[in-house]
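First comes the structure, then the notes that go with it.
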Amino acid sequence: MPPKRKNTKLLKALTDVTDERLLLQAAIDKSRLKELTGDVLNVEEGVGSRKKDKRKETKREKYYKILYKNEIKDKSMTSQNKKGIVKRRKLHHVEDNNINSVVKKLKLVRDNKSLKDAYQQACKMKPKTRKEETVLRIYNFILQIYIEKPWVLSKEYRNLYSEFDLQVKFWGFVFETWFGENQNIMLHWGDTMSTPCKNMNLRFKFDLRLLVWKEDGPIFDGGTGEVARRATQAKLFSDRLKSVLATKCHLNDFLKAATYLQESEITEIKLPIVQIMGLDAHLCVLRLDGKKAYVLEEVCAFPFPSSLGGIRSGAIENLINGLSNIESLLLNLERVYEESRYCQEDSMERVSRGNKRAKKFSCESWTTGVLLNDDEEEEEEGSEEEGSEEEGSEDEGSEDEGSEDEGSEDEGSEEDEDEENEDENEEDGEKEEEEEEEDKEAHENEEEDKEEEDKEDEDEESEDEETHENEEQEV
């Protein structure tokens with residue numbers, strides 16, 4: 001009898017130990033499961049928040065965001081009145097170089113007959129000055145297009161034009177004719193970078209650079225010009241952002257070189273920015289409105305006349321006025337630059353009175369650096385290359401579509417925007433897929449670790465049961 005009591009006590013003790021161990025293991029497994037569940041939820045929340053944060057930033061938002069970072073206020077995008085007409089301030093006053101006798105004929109243009117009358121009037125004119133001769137050459141160039149080859153302005157042809165077509169067929173002749181007579185201004189066509197931008201590691205290339213020139217070489221970059229096939233929101237804001245940032249760099253470089261500049265003249269220094277989209281063109285200026293405060297203002301619009309109605313409403317006169325504004329701004333920059341390089345005081349009077357030398361102008365208290373992240377700069381440069389490639393492919397495609405559909409302009413613009421959005425969203429989609437795959441792999445690894453731990457627990461339990469059975473057998 002006594003041995004039986006010992007056996008029962010031993011069995012009871014072993015059973016209690018096993019039960020406690022199982023309860024302890026269950027508690028450990030439960031806490032571990034909670035931790036894993038929490039980690040999974042955190043990962044899912046992180047992925048969800050990243051997806052929400054991945055909303056693509058529009059070109060407009062990026063434009064204003066970077067301008068704000070660079071202390072630049074854009075006043076060129078002014079509000080519209082009830083009739084939808086943009087209100088523009090007269091920021092720069094220049095002499096009207098149009099020829100009144102020809103302008104009167106242009107305002108009467110309604111058909112080919114009246115158009116030829118205006119053309120004959122322009123051909124009969126004998127210019128009194130070189131400027132009048134230049135204006136007449138531009139008048140005749142535009143009127144000759146309407147008389148001899150009006151199809152080049154048709155909707156079908158304009159759908160096929162590339163940036164280079166616009167430069168060669170329309171804008172190149174106008175700009176070269178106007179500025180070609182002035183040896184102090186050089187038009188630098190093609191994708192080129194300015195020296196100040198290179199020094200600041202800004203890889204901005206421009207279709208047109210307006211260089212203020214001297215006998216021995218260029219003095220400084222006076223203005224920038226960008227040409228696009230047509231006006232789209234993405235292209236408008238990306239080109240304008242690039243032009244504004246580069247012009248800020250040029251303005252800072254100009255002020256740095258102006259050794260004896262008077263502070264009263266700082267806010268009057270304006271650098272022109274020309275933006276051309278199709279046959280439309282706008283002129284803006286960037287200047288300092290105060291210390292470390294830049295402002296972008298629109299001067300005028302000067303489109304290339306694309307219809308008889310445009311000629312009748314004064315498009316040719318606006319074109320001449322726009323060119324006059326650009327030239328006047330550049331010549332004023334040249335004047336200020338030359339005057340500010342040398343001290344204007346009377347050195348003899350200063351020495352006789354024992355006065356100190358005039359202080360040199362320091363631009364550090366007025367200017368701020370150009371702020372642009374490296375990845376954003378690479379994106380800008382990449383978008384230029386992609387844009388040129390897309391334009392080439394679109395030109396080839398539009399030749400085939402031109403014969404099938406006359407209204408391909410709207411479809412082409414929608415396709416351009418869709419292709420840009422697809423290219424931008426593909427990279428985001430690939431990044432999101434990679435992140436989701438990494439999260440899945442981490443989750444699978446955690447599940448495998450959990451299964452291995454469960455197997456180890458089962459093995460330990462089976463070993464405990466075997467030892468328990470062996471002990472019972474021994475008892």
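Quick rundown of the values:
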quantity	calculated
Any hit, the range 177-190, residues being touching a residue at least 40 places away in the same chain (Cβ under 8 Å), among the aromatic types (Phe, Trp, Tyr) and not in a loop (DSSP other than H, G, I, E, B)	yes
Test set (1) surrounded by fewer than 24 Cβ atoms within 10 Å (Cβ to Cβ); (2) of a type outside the set (Phe, Trp, Tyr); (3) at pLDDT 95 or above - residue 216 fails condition number	(3)
Residues that are of a type in the set (Ser, Thr, Tyr) and over 18 Å from residue 244 (Cβ atoms), drawn from the range 293-321	306, 307, 313
Yes/no for residue 189 being surrounded by fewer than 22 Cβ atoms within 10 Å (Cβ to Cβ), within 27 Å of the chain's Cα centre (by Cα), within 28 Å of residue 134 (Cβ to Cβ) and of a type in the set (A, V, I, L, M, F, W, C)	yes
Entirely in the range 257-366, the strands (runs of 3 or more DSSP E) that have 2 or more residues that are surrounded by fewer than 19 Cβ atoms within 10 Å (Cβ to Cβ) and among the hydrophobic types (A, V, I, L, M, F, W, C)	293-301
Counted residues, the range 126-142 - those being surrounded by fewer than 17 Cβ atoms within 10 Å (Cβ to Cβ) and either on the phi > 0 side of the Ramachandran plot or among the aliphatic types (A, V, I, L, M) (or both)	0
Pairs where the first residue, in the range 55-69, is under 23 Å from residue 292 (Cα atoms) and touching a residue at least 60 places away in the same chain (Cβ under 8 Å) and the second is of a type outside the set (S, T, N, Q) and assigned to a loop (DSSP other than H, G, I, E, B), C-beta under 8 Å, 6+ apart	66/371; 66/372; 69/371
From the options 136, 143, 108, residue that is in a helix (DSSP H, G or I) and over 15 Å from residue 97 (Cβ atoms)	143
Subset of the range 210-253 (residues that are free of Cβ contacts under 8 Å to residues at least 12 places away in the same chain and of a type in the set (Asp, Glu))	215, 216
Qualifying residue in the range 232-243 (condition: under 27 Å from residue 338 (Cα atoms) and not aliphatic (A, V, I, L, M))	yes
Test: residue in the range 93-100 that is modelled with pLDDT of 90 or more, outside any loop (DSSP other than H, G, I, E, B) and either within 27 Å of residue 134 (Cβ to Cβ) or not aliphatic (A, V, I, L, M) (or both)	yes
Failed condition for residue 205, given (1) closer than 25 Å to residue 145 by Cβ; (2) surrounded by fewer than 22 Cβ atoms within 10 Å (Cβ to Cβ)	(1)
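Conditions tested, residue by residue: (1) of a type in the set (Gly, Ala, Ser); (2) free of Cβ contacts under 8 Å to residues at least 12 places away in the same chain; (3) farther than 30 Å from residue 158 by Cβ.
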position	(1), (2), (3)
256	no, no, yes
267	no, no, yes
274	no, no, no
286	no, no, yes
292	no, no, yes
304	no, no, no
309	yes, yes, no
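The values are calculated or read from the model by the stated rules, or taken from the named source; none is laboratory data. What you see is a predicted model, and the numbers here were worked out from it, not measured in a lab. Note that each Cβ is placed from the backbone with ideal geometry, even for glycine, and that neighbours are counted across all protein chains shown.
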